[in-house]
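The values are calculated or read from the model by the stated rules, or taken from the named source; none is laboratory data. All of these numbers come straight from a predicted model, not from anything done at the bench. All Cβ positions, glycine included, derive from the backbone under ideal geometry; neighbour counts span all protein chains shown.
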Amino acid sequence: MKEISAQELIKFMEFIPKELELVDVRQRYEYRITHLVNSKSIPLPEIEFRFEEIDSDKTVITLCRSGNRSKLAAEFLCSLERFRKTQIFNLADGLLAVAEQPLGSLAIVRC
């Protein structure tokens, strides 16, 4: 598992959005408040039961508020045979870092 910065994520979302599987592991109420465009909500406590919903043919980026829960999720996914050939990244410093980036607010949906 590797880490990706908010700046790198924004570039990926701009240039290769269809090749990304963004997995938001925050609780549902957090996701409803704000989330990244095209992200998929799979709360961390559910990931061991719902990992098959994640497209292993895409680059997977796990994310949360500050990067702690998403790191656990990324480590779990890396341990599974299904994701053996998948590039998996954790968003270092989480959505807090994305919001601080120029143009980062364009990637965030506020409900």
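Among the residues of the range 62-81, those that are part of a helix (DSSP H, G or I), of a type outside the set (A, V, I, L, M, F, W, C) and out of contact with any Lys or Arg (no Cβ under 9 Å at 6 or more places or on another chain) comprise N68, K71, E75, E81. In this structure, L36 does not qualify as over 20 Å from I10 (Cα atoms) and either of a type outside the set (S, T, Y) or within 10 Å of the chain's Cα centre (by Cα) (or both).
Name the one entry in R28, R32 that is in contact with a strand residue (DSSP E or B) (Cβ under 7 Å, 6 or more places away or on another chain) and either surrounded by fewer than 17 Cβ atoms within 10 Å (Cβ to Cβ) or among the aromatic types (F, W, Y) (or both). None of the other options fit; the residue is R28.
Take the residues in the range 73-99 that are over 17 Å from L20 (Cα atoms) and modelled with pLDDT of 85 or more, then tell me which one is surrounded by the fewest Cβ atoms within 10 Å (Cβ to Cβ).
Applying the first criterion (over 17 Å from L20 (Cα atoms)) to the range 73-99 yields 75-76, 79-81, 93, 96-97, 99.
Add one more test, that the residue is modelled with pLDDT of 85 or more, and what stays is 75-76, 79-81, 93, 96-97.
Details: E75: 13, F76: 18, S79: 10, L80: 15, E81: 7, D93: 17, L96: 13, A97: 18.
Result: E81.
The number of residues in the range 19-39 that are farther than 17 Å from F83 by Cβ, in contact (Cβ under 8 Å) with a residue 40 or more places away in the chain and part of a helix (DSSP H, G or I) comes to 2.
Residues in the range 40-61 that are part of a helix (DSSP H, G or I) and either surrounded by fewer than 16 Cβ atoms within 10 Å (Cβ to Cβ) or in contact (Cβ under 8 Å) with a residue 60 or more places away in the chain (or both): how many?
7
With respect to the conditions (1) exposed (fewer than 15 other Cβ atoms within 10 Å of the Cβ); (2) under 14 Å from A92 (Cβ atoms), S70 lacks only one, and its number is (1).
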